[in-house]
Amino acid sequence: MTTYLSGIQPSGLPHLGNYFGAIRQHIALSQQGGDNFYFIADYHALTTNRDPAELRTRVREVALTYLALGLDTEKATFFRQSDVPEVCELSWLLSTVTGMGLLERAVSYRDKVERGITATVGLFTYPALMSADILAYDSNFVPVGADQKQHVEIARDMAQSFNAAYGETFVLPEATLSPTAKVPGIDGQKMSKSYGNSIWVFETGKPLKKIVGQVLTDSRAPEEPKDPAGVLLLELLRLFLSPTEQADWEERVRRGGEGAPGYGHLKVRLVECIEEHFRPARERRAALLADPAEVERVLAKGAERARARAVATRDRALRNCGLR
Ligand code: ADP
Ligand code: TRP
């Protein structure tokens with residue numbers, strides 16, 4: 001059976017980019033069958049977060065997000081990374097067959113240090129822990145954003161080195177990139193928490209109108225014919241509209257003239273779309289928020305299933321390298 005796995009950093013409220021670029025794929029893959037593992041990368045979060053209360057809240061927010069958006073936790077194993085401590089053990093074993101150069105070439109370490117994140121040993125060996133996450137569950141495919149592709153390649157290299165030294169132990173993983181590569185933010189740059197240009201998935205009412213009101217436009221009149229490709233609002237609407245409705249708006253924008261939609265019309269439609277699309281998820285989130293024991297129960301069930309797999313892999317690795 002094909003195994004899919006991905007980890008999600010607990011880094012704050014989810015935005016449209018996180019949903020259309022990642023979460024939606026994880027939910028869809030689980031529905032297709034196969035073996036699916038999705039986890040909250042809380043060990044990894046310690047490389048950037050030193051506030052325990054904040055970390056707890058963020059972990060819970062990721063759990064609420066996935067459950068509210070409809071991840072079926074019977075079909076997918078959904079868990080907290082730190083509930084499977086065997087990955088730390090595997091990370092050590094992998095680090096002993098890994099040349100320093102491999103991690104020195106990791107782009108994300110250098111990027112993070114340049115952005116002012118403290119250059120700890122943990123930040124440097126982050127890809128070894130991520131490799132352990134991937135290899136512990138015999139993952140075949142790892143659905144991630146482009147920024148994580150190099151880390152999956154490192155995992156593959158580490159698996160190959162271990163297998164070369166000790167015989168077949170780890171399955172070689174491959175990264176799969178999301179079909180929605182880049183959701184733009186309200187300023188037209190890539191939507192990202194760090195750019196302050198995000199629309200939160202669970203936003204509603206006045207705050208939603210306010211943020212959509214800030215989507216970048218220009219001063220051209222509605223009557224002026226425009227190339228739809230240059231209209232940011234249409235790019236955001238495409239995430240929600242049927243192909244027929246999308247084509248209709250684009251045609252009217254292209255034609256211009258009397259009755260052509262102004263940016264205000266597009267904003268009203270975008271607010272409606274976001275409200276409608278995420279309404280069921282907002283309601284489920286509210287219900288889960290009132291029932292923390294249910295969220296814990298789901299995570300505990302996931303941890304049990306994940307751990308069984310990771311223990312088997314850990315035992316195989318220990319045996320093969322001579323520690324058993
Ligand atoms: P952020 O850039 O807001 O910090 P993360 O790096 O935590 O987001 O990304 C979490 C997941 O969401 C990753 O799989 C990433 O590829 C995806 N993602 C984030 N922003 C976007 C975007 N604007 N468009 C598409 N996917 C995105
Ligand atoms: N490093 C990933 C990120 O920042 C999170 C992550 C940790 C991960 N372990 C993983 C992703 C294993 C995929 C597979 O987004």
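Quick one: work out Rg over Rh on the C-alpha atoms of the stretch 221-324, Rh as Kirkwood radius.
Reported Rg/Rh, Kirkwood definition of Rh: 1.38.
Going from most exposed to least, what order do S131, S242, S194 have by accessible area with a 1.4 Å probe?
If we order S131, S242, S194 from most to least accessible, we get S194, S242, S131.
Going from most exposed to least, what order do M191, M100, M1 have by accessible area with a 1.4 Å probe?
M1, M100, M191
Output the antiparallel fraction of DSSP beta bridges having both residues in the chain, as a percent to the nearest 5.
Once the DSSP bridges in the chain are tallied, antiparallel ones form about 10 percent.
With an 8 Å cut-off on Cα pairs and a minimum separation of 6 or more residues, tell me the relative contact order of the stretch 202-285 in percent.
Rounded, it is 39 percent for the stretch 202-285.
What figure, in Å² to the nearest 10, do you get for the accessible area of Y263 with a 1.4 Å probe and non-protein molecules left out?
For Y263, the solvent-accessible surface is approximately 40 Å².
Would you work out which of P261, M130, A164 lies farthest towards the positive end of the dipole of the chain, given +1 charges on the beta-carbon of Lys and Arg and -1 on that of Asp and Glu, about the Cα centre?
Sorting the options by dipole projection puts first M130.
Based only on the alpha carbon positions, what is the Kirkwood hydrodynamic radius of the chain, in angstrom?
21.5 Å is the Kirkwood radius here.
Dipole size in debye (nearest 20) for the stretch 202-285 around its Cα centre, Lys and Arg Cβ +1, Asp and Glu Cβ -1?
440 debye
Once the whole set of protein chains is in place, how much accessible area is left on T176, using a 1.4 Å probe, in Å² to the nearest 10?
Its heavy atoms expose roughly 50 Å² to the probe.
Per DSSP H run of n ≥ 4, the term is -39500 (n - 2.57); total these for the chain, divide by its residue number, and report the mean residue ellipticity at 222 nm rounded to 500 deg cm²/dmol.
-17000 deg cm²/dmol
With all protein chains present, calculate the accessible area of V231 using a 1.4 Å probe and round the result to the nearest 10 Å².
10 Å²
The values are calculated or read from the model by the stated rules, or taken from the named source; none is laboratory data. Note that the coordinates shown come from a computational prediction; the quantities given were computed from them, not determined experimentally. Counting neighbours? That spans all protein chains shown, and the Cβs are built from the backbone with ideal geometry, glycine included. Side chains included, ligands, DNA and RNA excluded: accessible areas come from the protein's heavy atoms. Shrake-Rupley method; radii C 1.70, N 1.55, O 1.52, S 1.80 Å.
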